[in-house]
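First up is the structure itself, then whatever we jot down about it.
Quick note: the coordinates plus some simple rules give every number you see, no bench work behind them. From a predicted model like this one, the values you see are computed outputs, not experimental measurements. Virtual Cβ from ideal backbone geometry, glycine too; neighbours counted across all protein chains shown.
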Amino acid sequence: MKKIITLIALTLFSITNTNAQRELDSLTYENTQDINFFKSVKNRTLIQKYKTINKNVIQIGDTVILGNPTSQEFSSKTYSGSYGNKARGGISKSRSTTKKTYEFIKMGRPAGFGSIMASLNGDAQSMANNSLKNSKAIVKEIKAYHRGSKKKPLYLVMVLGEMNGRAFGINKYLSVMDTELAIESGEILLKNRKMTRDEAISKLKEAKELMEIDMMSKKEFEDLKKKLRPIIMKKE
């Protein structure tokens, strides 16, 4: 009886320990690049909260907005036909179309039913297109993966759900295949996003031009300069 109790206790401890390794309360960009940290993190580890390279924070339950697509898809179709009572000749025309798509946002879950069916049909999982621009979504899940072996840095995959529990077309979810790059490229917009150093410099230059044409007072410019100084002077 004691052996059985001991075995059950060890099993429960093992399960608890495994689950603990599969979930982290928080993760930072620096953690994802630090081999002393990420070598112990397993693929598919659930992340509750993530801090980006620019110190923006995103967590499960947050609302995000889909920004501008940063990629394009090209497709071409050829139409042909014959003329006359007999097929004496043919006419063919080609039509090419360009569609703006997201580079980091896919339709469906990373390995959901839709992507599995697409793979079976020999098709690549489709990327979200421009029709979803400015759509709001809720962060349902954030998971960490290695860029190869466990000795490689981590990247985060984020699953987004529709605001009212409906679907994005035929897909219930969207997958952000690289959260850091999606945020940095502007494909994913965060609420209360912190201004980057480049953005602060650009804003200050614009303010200086406005001051020079008397569209902004010197005091307003100096106040803005003081506000932006910590962002511009921070070390990268």
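Out of the residues in segment 182-209 that are among the polar types (S, T, N, Q) and surrounded by 12 or more Cβ atoms within 10 Å (Cβ to Cβ), state the one that is nearest to residue 138 (Cα to Cα).
185
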Failed item, numbered, when residue 187 is tested on (1) touching a residue at least 40 places away in the same chain (Cβ under 8 Å); (2) out of contact with any Phe, Trp or Tyr (no Cβ under 7 Å at 6 or more places or on another chain); (3) not aliphatic (A, V, I, L, M) = (2)
Considering every residue within segment 163-171, establish whether at least one is under 21 Å from residue 48 (Cα atoms) and touching a strand residue (DSSP E or B) at 6+ places or on another chain (Cβ under 7 Å).
-> yes
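Condition first: among the polar types (S, T, N, Q), assigned to a strand (DSSP E or B) and surrounded by 19 or more Cβ atoms within 10 Å (Cβ to Cβ). Now tell me which residues in segment 125-181 satisfy that.
In the first step, residues of segment 125-181 are kept if they are among the polar types (S, T, N, Q); the result is 125-126, 129-131, 134-135, 149, 164, 171, 175, 179.
Cutting the leftovers down to assigned to a strand (DSSP E or B) gives us 129, 171, 175.
The answer is 171, 175.
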For segment 210-232, state whether one or more residues are in contact with a Phe, Trp or Tyr (Cβ under 7 Å, 6 or more places away or on another chain), of a type outside the set (Val, Ile, Thr) and surrounded by 14 or more Cβ atoms within 10 Å (Cβ to Cβ).
-> yes
